[in-house]
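This is the structure I want to talk about, given as structure tokens.
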Amino acid sequence: MVLQSLVGLPAFLVYFCTGIVAVMLYLFVYLRVTAHDEFALIRKDCAPAAIALGLSLLGFVLPVASAIVHSANVVDCLIWAIIALIVQIAVYFILRIPVPQLSDRIANGEMAPALWLGLASLAAGVLNAASMVYSP
């Protein structure tokens with residue numbers, strides 16, 4: 001009975017590890033693209049930086065989760081994860097248009113720009129996840 005329950009464990013491990021690698025790649029790229037140092041700010045107890053980064057990460061993880069559910073294989077999943085990464089990076093740059101000093105304002109501890117960035121990133125992630133449909 002227990003062995004039957006664990007039959008999906010190898011697939012779980014493959015996709016879970018794929019998701020972790022995708023998240024690490026996302027953080028590596030995102031932290032280098034943004035004009036502010038999120039982790040330095042978070043270490044200084046800057047809540048706006050933590051909120052913006054956390055919501056952005058959720059905006060990335062939602063489409064990755066959708067890719068895990070809908071992809072035909074791990075390579076397909078990684079391709080969609082990269083697309084999700086590109087979408088999130090694009091969102092960051094697009095949001096800087098109406099708020100040109102977005103990163104500076106987050107670094108200064110301003111909450112409104114952090115919420116703008118985080119929630120818009122989350123919204124883009126939800127749309128991204130919903131748009132991922134598998135067509136053989």
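The values are calculated or read from the model by the stated rules, or taken from the named source; none is laboratory data. Quick caveat: nothing in here was measured; it's all calculated off a predicted structure. Note that we place each Cβ from the backbone using ideal geometry, even for glycine, and neighbour counts take in every protein chain shown.
Pairs please, first residue from segment 94-112 and on the phi > 0 side of the Ramachandran plot and modelled with pLDDT under 95, second anywhere and buried (at least 16 other Cβ atoms within 10 Å of the Cβ) and not aromatic (Phe, Trp, Tyr), Cβ atoms under 9 Å, 6+ apart in sequence or on different chains.
none
Another question, then. Tell me yes or no: at least one residue of segment 5-16 is touching a helix residue (DSSP H, G or I) at 6+ places or on another chain (Cβ under 7 Å) and either at pLDDT 95 or above or in a helix (DSSP H, G or I) (or both). Break it down into steps so the answer makes sense when it comes.
Within segment 5-16, the subset touching a helix residue (DSSP H, G or I) at 6+ places or on another chain (Cβ under 7 Å) is 14-15.
Checking the rest, the ones that are also either at pLDDT 95 or above or in a helix (DSSP H, G or I) (or both) come to 14-15.
There is at least one residue in segment 5-16 that is touching a helix residue (DSSP H, G or I) at 6+ places or on another chain (Cβ under 7 Å) and either at pLDDT 95 or above or in a helix (DSSP H, G or I) (or both).
So, in segment 54-81, exactly how many residues are touching a residue at least 60 places away in the same chain (Cβ under 8 Å), closer than 17 Å to residue 29 by Cβ and among the β-branched types (Val, Ile, Thr)?
Total satisfying the criteria: 1.
Anything in segment 37-53 that is in a helix (DSSP H, G or I), of a type outside the set (Val, Ile, Thr) and in contact (Cβ under 8 Å) with a residue 60 or more places away in the chain? List them, or say none.
Of the residues in segment 37-53, the ones in a helix (DSSP H, G or I) are 38-43, 47-53.
Add one more test, that the residue is of a type outside the set (Val, Ile, Thr), and what stays is 38-41, 43, 47-50, 52-53.
Within segment 37-53, 41, 47, 48, 49, 52, 53 meet the criteria.
Turning to a different aspect of this structure: Would you point out which residue out of 121, 131, 71 is under 17 Å from residue 18 (Cβ atoms) and of a type in the set (S, T, N, Q)?
Numbers: 121 fails: under 17 Å from residue 18 (Cβ atoms); 131 fails: under 17 Å from residue 18 (Cβ atoms).
Exactly one of 121, 131, 71 is under 17 Å from residue 18 (Cβ atoms) and of a type in the set (S, T, N, Q), namely 71.
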